[in-house]
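Structure first, then comments.
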Amino acid sequence: MIVTNLVLTAALAVLGLASALPPKIGTTNIGEGVSGSLGGGRATFKQTRNPRYRFNGARAVYRTYLKYGVPVPEDIIKAVKYTDALHAAQVERDTGSAAAVPIDDVDIAYVTPVTIGTPPQTLQLDFDTGSSDLWVFSSHTPASQVRGQEIYSPNKSSTAKLLEGHTWSITYGDGSASRGNVYVDNFTVGGLSVAQQAVQTAQQVSSSFTSETNIDGLLGLGFSTLNTVSPKSQLTFFDNAKASLDSPVFTVDLKAQAAGTYDFGFIDKAKYTGEITYVPVNTNPGYWTFTSSGYAVGSGSFSSQSITGIADTGTSLVYLPTAIVTAYYRQVSGATNSRNYGGYVFPCSSALPTFTFGVGDARFTIPSSYISYSPIAPGSSTCFGGLQSSSGLGINIWGDVALKAAFVVFNGANPPTIGWAKK
Ligand SMILES: O=C(c1ccc(-c2ccco2)nc1O)N(Cc1ccccn1)C1CC1
């Protein structure tokens, strides 16, 4: 047997397999970081745990054989390889969690802190499941278009690299727009890092972005097919991070007038009640498009009908077919569809019914307070509705007014699905 072992060990050494195993004694490859100080003839070393170390018994035995120069039995070598494979499968994966903070007192949008580059530059970005460009106010944005926003300066980041010859340009449904060039750099959200994230630097932003002083850029969480970078389109932060996540998901927990969270890689049971109802997602052309099973106005009967639309964290309001919206505002005294104000308005003193929408057999009720969206001007007694008609858009949109009423799982598995739960 010894002969066999000698041959085997020699073979391993020749094949370099032995080198796949840790170097021999004298190194600290024991999964514990060793830090300490030298000098003045004294040395003290404080050992710290390596959180990612997984103890491997077979490997410990293997080292002992090596330590005493005894040929390693075949079954130990097999056990080391088997347990290595097991550990590789269990390698600790990544997750992230970051706050979603409303930028004003009507929840028109939410921002989340991110860090870019080395040393890290912190910006507050609007996470937008309705688009797939990650763009930021930057040192390339004309000063006349910057009004208090934080900017990303690639020339102050030692890890920034220009994507030569790449540009981007996007126009959003509300008419806002931006364009510019592209860098890749280290990018972190809530403890979750991507080394070479495409960061699109703005050379031009439209007036609505300039005037939104609390938003330093957008982080697209739509499908990467929507990304506008040319000649080579880029991946979203989620697509880049997905492979290293415990689970290929992100969740959205937006709140009314309070900080919610975006979680990446895990589903936090503390954030919802009951069951999550998952439904299919149509990824064409690149939005999180799903079909709702119907609606009810206030305590009225539920109307079962398919309402196909997108879950869009980047849109403030809910935009649905005119028939549904008129059925809703018929229950609101003094409500009119105003050309002046660009949508349904009503006396702020009017009582508003709730609005319930279905996802499969589940039912989600949007409180009246979310639909009494805001006075059309400060101090006005006329209020703008949080539910508006989608007829001019060509797409139904479940924006923040609806998302605030639920805990939503954006499941990036293959095929993608979207899950809705009460909270
Ligand atoms: O704002 C956008 C939107 C987002 C991304 C893109 C785009 C163009 C090229 C790549 O992405 N185009 C949009 O238009 N909404 C919401 C919307 C539409 C209409 C009115 C108001 N809100 C898209 C998700 C539907």
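Which whole-number value in Å³ per residue fits the convex hull of the alpha carbons of the chain?
Measuring per residue, one finds 208 Å³ for the Cα hull of the chain.
What FRET efficiency, computed as 1/(1 + (r/R0)^6) with R0 = 25 Å and r the Cβ-Cβ distance, is obtained for Ile108 and Ala243, rounded to the nearest 0.05?
Here the calculated transfer efficiency is 0.15.
How big is the C-alpha Rg of the range 63-146 next to the rule-of-thumb value 2.2 N^0.38 Å, as a ratio?
Cα Rg divided by the expected 2.2 N^0.38 Å: 2.16.
Out of every Cα-Cα pair in the range 338-423, what percent are more than 20 Å apart?
Percent of Cα pairs beyond 20 Å in the range 338-423: 46.
On the principal axes of its Cα set, how long, how wide and how thick is the range 97-152? Give whole Å, largest value first.
Cα spread of the range 97-152 along its principal axes, largest to smallest: 29, 27, 21 Å.
Starting from the Cα of Lys269, draw a straight line to each of the lysines and keep only those under 22 Å, dropping any in the same chain fewer than 8 residues away.
Qualifying lysines at Cα under 22 Å: Lys242, Lys255, Lys404, Lys422, Lys423.
Might you work out the accessible area of Asp239 for me, using a 1.4 Å probe with all protein chains in place, and round it to the nearest 10 Å²?
Asp239 has an accessible surface of roughly 50 Å² with all protein chains in place.
Where the convex hull is taken over the Cα atoms of the range 269-310, what is its projected area averaged over directions, in nm²?
4.4 nm²
Report the net charge of residues surrounding Val279, where surrounding means a beta-carbon distance below 14 angstrom and charges are Lys +1, Arg +1, Asp -1, Glu -1.
Spelling it out: positives minus negatives among the neighbours equals -1.
If I take R0 = 25 Å and measure r between the Cβ atoms of Ser369 and Ser176 in this structure, what FRET efficiency does the formula 1/(1 + (r/R0)^6) give, to the nearest 0.05?
Between Ser369 and Ser176 the formula returns 0.40.
Can you run the Rg to Rh ratio on the range 161-301? Use alpha carbon positions and the Kirkwood inverse-distance Rh.
Using Cα coordinates only, the ratio equals 1.00.
Would you list which aspartates and glutamates come within 13 Å of Lys271, measuring only between C-alpha atoms, while excluding same-chain residues fewer than 8 positions from it?
Asp253, Asp263
Take the alpha carbon atoms of the range 122-169, find their center, do the same for the range 186-232, and report the distance between the two centers in whole angstrom.
6 Å
Sorting Cys383, Cys348 by accessible area (1.4 Å probe), largest first, what list results?
Cys348, Cys383
Provide the solvent-accessible area of Phe355, counting protein heavy atoms only and rolling a 1.4 Å probe, rounded to the nearest 10 Å².
My reading of the accessible area for Phe355 is about 0 Å².
If the chain between Ser350 and Thr118 were fully stretched, how many nm would it gain, using 0.36 nm times the residue separation less the Cα-Cα distance?
78.2 nm
Per-residue ellipticity at 222 nm for the chain, helices alone: DSSP H runs ≥ 4 residues times -39500 (n - 2.57), over residue total, nearest 500 deg cm²/dmol?
-4500 deg cm²/dmol
Cα atoms only, the range 348-394: Rg and Dmax in Å?
When restricted to Cα atoms, the range 348-394 yields Rg and Dmax of 13.1, 41 Å.
Can you tell me the dipole magnitude for the range 87-177 around its Cα centre, using point charges on the Cβ only (Lys, Arg +1; Asp, Glu -1), in Debye to the nearest 20?
Dipole magnitude for the range 87-177 comes out near 440 debye.
Calculate log10 I(q)/I(0) of the range 157-198 for q = 0.16, 0.28, 0.32 Å⁻¹, where I(q) comes from the Debye formula with a single equal point scatterer on each Cα and nothing for solvent.
For the requested q values the scattering log ratios are -0.57, -0.90, -0.99.
Treat every Asp and Glu Cβ in the chain as -1 and every Lys and Arg Cβ as +1, leave all other atoms uncharged, and give the resulting dipole magnitude about the Cα centre to the nearest 20 debye.
Dipole size: approximately 1140 debye.
Based only on Cα atoms, what Rg/Rh ratio does the range 267-358 have, Rh being taken as Kirkwood's radius?
1.01
In square angstrom, rounded to the nearest 10, how much accessible surface does Asp105 have for a 1.4 Å probe?
Roughly 120 Å² of Asp105 is accessible to a 1.4 Å probe.
I need to check one value: relative contact order of the chain, counting alpha carbon pairs closer than 8 Å and at least 6 residues apart, in percent.
Once normalised by length, the contact order is 14 percent.
Of Ala405, Leu320, Thr251, whose Cα points farthest to the positive end of the dipole of the chain (charges on the beta-carbon: +1 Lys, Arg; -1 Asp, Glu; origin at the Cα centre)?
Of Ala405, Leu320, Thr251, it is Thr251.
The values are calculated or read from the model by the stated rules, or taken from the named source; none is laboratory data. None of these values were measured; they are calculated from a predicted model. No Cβ is skipped: glycine too gets one built from the backbone with ideal geometry, and neighbour counts run over all protein chains shown. The accessibility values were calculated without ligands, DNA or RNA, using every heavy atom of the protein model including side chains. Shrake-Rupley method; radii C 1.70, N 1.55, O 1.52, S 1.80 Å.
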